[in-house]
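Just so you know, all these numbers are worked out from the coordinates, no wet-lab data involved. Keep in mind the model is a prediction, meaning the values are calculated, not measured. Here the Cβ positions follow ideal geometry from the backbone for every residue, glycine too, while neighbour counts run over all protein chains shown.
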Amino acid sequence: MSAELYQALIMDRSKNPRFAGALADYDAAADGENPMCGDRTKVFIKRDGMQVGHESRGCAIMLASADLMAEAVAGLDAAHVNELSRAFEATVTSGAADDRLGALNALAGVHEYRSRIKCATLPWTALRDALNGDV
Ligand code: ZN
């Protein structure tokens, strides 16, 4: 995909999230905050069948990352979620696309803006916290 299409995807998912809101039935939730940018997110998970919802306020990068994350991890087991999480962090740090990430590669360009990497990884940190939390 071109940089323009990636940018359009980020804007679309930040304005029209598909996975926004608390899950009606969830096992765990965790908050994330990025004071540098004013980003806040709360990630909800249901482990059985892996469903993720999020309540997020902040910049387009964080909003798009949260929503694309919820889509990407749907149906995965915890081990695969952790694998994807590590792959995503590597991609937003290095800028190198990773086939496993699919649409999340739209955020690879963030590596050029060191201060925004935390925006992209914030929802993933909250997701890992939720996964490690009590059922
Ligand atoms: Zn941000």
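Numbers at a glance
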read-out	value
Top of Gly109, Gly75, Gly49 by mean-square fluctuation, Gaussian network on the chain, Cα under 10 Å	Gly49
Selection from Asn105, Pro17, Val73, by position along the positive dipole direction of the stretch 1-111 (Cβ)	Pro17
Stokes-Einstein diffusion coefficient of the stretch 1-57, Kirkwood radius over Cα pairs, 37 °C, 0.692 mPa s, in µm²/s	256
Computed log₁₀ I(q)/I(0) - Debye formula, equal Cα scatterers, no solvent, the chain, q 0.13 Å⁻¹	-0.46
Largest-first principal axis extents, alpha carbons of the stretch 63-135, Å	38, 24, 18
Candidates Ala28, Ala79, Ala120, ranked by Gaussian network fluctuation over the chain, Cα under 10 Å, top entry	Ala79
Gain upon complete extension [Met11, Ala90; 0.36 nm per residue less C-alpha separation]	26.2 nm
The chain: calculated mean residue ellipticity at 222 nm from DSSP helix runs of at least 4, using -39500 (n - 2.57)	-15500 deg cm²/dmol
Check: the stretch 1-59 dipole with +1 on Lys, Arg Cβ and -1 on Asp, Glu Cβ, in debye	100
